[in-house]
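What follows is a short report on a single structure.
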Amino acid sequence: MAAELHVELVAADRQVWSGEATLVVARTTSGDIGVMPGHQPLLGVLESGPVTIRTSEGETVVAAVHGGFISFADNKLSLLAEIAELADEIDVKRIEQELQRAKAEGDVHAERRAEVRLRAATAS
């Protein structure tokens, strides 16, 4: 069994992150899943939520992901997201304002997106 797996996190508009990892945790429609080297092949639907990647160098990369698919085979993990952004790309103050505005307007979907982004930004 290999000690690492190759990970590609891709959004509709760009490649967000690519590299070697020892663990990836993502939220699927079936619940949270952790993928390590040698995992059984899988195909799933991503739910909105933070994705945590533990790199081979021991660093932790966190991204806010909104929808998409997760696929694992031959020690290659693909996360194909509708929208994804790395935690360090997220402006926390702006997201807090968006969250308050979404709550005030009763926009449940915007509120959920803001909460996911805020969780990802503060988890790293």
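The values are calculated or read from the model by the stated rules, or taken from the named source; none is laboratory data. All figures in this text were calculated on a predicted structure; none of them were measured in a lab. Backbone-built Cβ (ideal geometry, glycine too); neighbour counts: all protein chains shown. Side chains are part of the model used for accessible areas, which takes the heavy atoms of the whole protein and leaves out ligands, DNA and RNA. Shrake-Rupley method; radii C 1.70, N 1.55, O 1.52, S 1.80 Å.
Would you tally the residues in segment 62-74 being exposed (fewer than 14 other Cβ atoms within 10 Å of the Cβ) and either modelled with pLDDT of 95 or more or in a strand (DSSP E or B) (or both)?
The first filter runs over segment 62-74 and keeps only residues exposed (fewer than 14 other Cβ atoms within 10 Å of the Cβ), leaving 73-74.
Checking the rest, the ones that are also either modelled with pLDDT of 95 or more or in a strand (DSSP E or B) (or both) come to 73.
Selection size over segment 62-74: 1.
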Practice item. Among the candidates E98, E59, single out the residue that is at negative phi, at pLDDT below 95 and open to solvent by 50 Å² or more (accessible area, probe 1.4 Å). Key: E98
Review point. Got a sec? Which of A104, A121 is without any contact (Cβ under 8 Å) to a residue 60 or more places away in the chain, open to solvent by 30 Å² or more (accessible area, probe 1.4 Å), part of a helix (DSSP H, G or I) and hydrophobic (A, V, I, L, M, F, W, C)?
Key: A104
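Does segment 107-118 hold any residues that are among the β-branched types (V, I, T) and open to solvent by less than 40 Å² (accessible area, probe 1.4 Å), and which are they?
So in segment 107-118, the residues among the β-branched types (V, I, T) come out as 108, 116.
Within segment 107-118, V116 is the sole residue that qualifies.
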Review point. Which one of these does V45 not meet: (1) open to solvent by 50 Å² or more (accessible area, probe 1.4 Å); (2) in contact (Cβ under 8 Å) with a residue 40 or more places away in the chain?
Key: (2)
Point to revise | Residue list for segment 16-57, filter: in contact with a His (Cβ under 7 Å, 6 or more places away or on another chain) and outside any strand (DSSP E or B) | key: S48
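Can L80 be described as in the same structural domain as S18 (by TED's automatic domain parsing), open to solvent by 30 Å² or more (accessible area, probe 1.4 Å) and under 24 Å from I70 (Cβ atoms)?
On the way: in the same structural domain as S18 (by TED's automatic domain parsing): yes; open to solvent by 30 Å² or more (accessible area, probe 1.4 Å): yes; under 24 Å from I70 (Cβ atoms): yes.
So L80 fits the description; yes.
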Practice item. Any chance you could count how many residues in segment 84-95 are buried (at least 19 other Cβ atoms within 10 Å of the Cβ) and over 25 Å from R54 (Cβ atoms)? Key: 0
Exercise for review: Could you run through segment 9-42 and say how many residues are touching a residue at least 40 places away in the same chain (Cβ under 8 Å) and open to solvent by 50 Å² or more (accessible area, probe 1.4 Å)?
Suggested key: 1
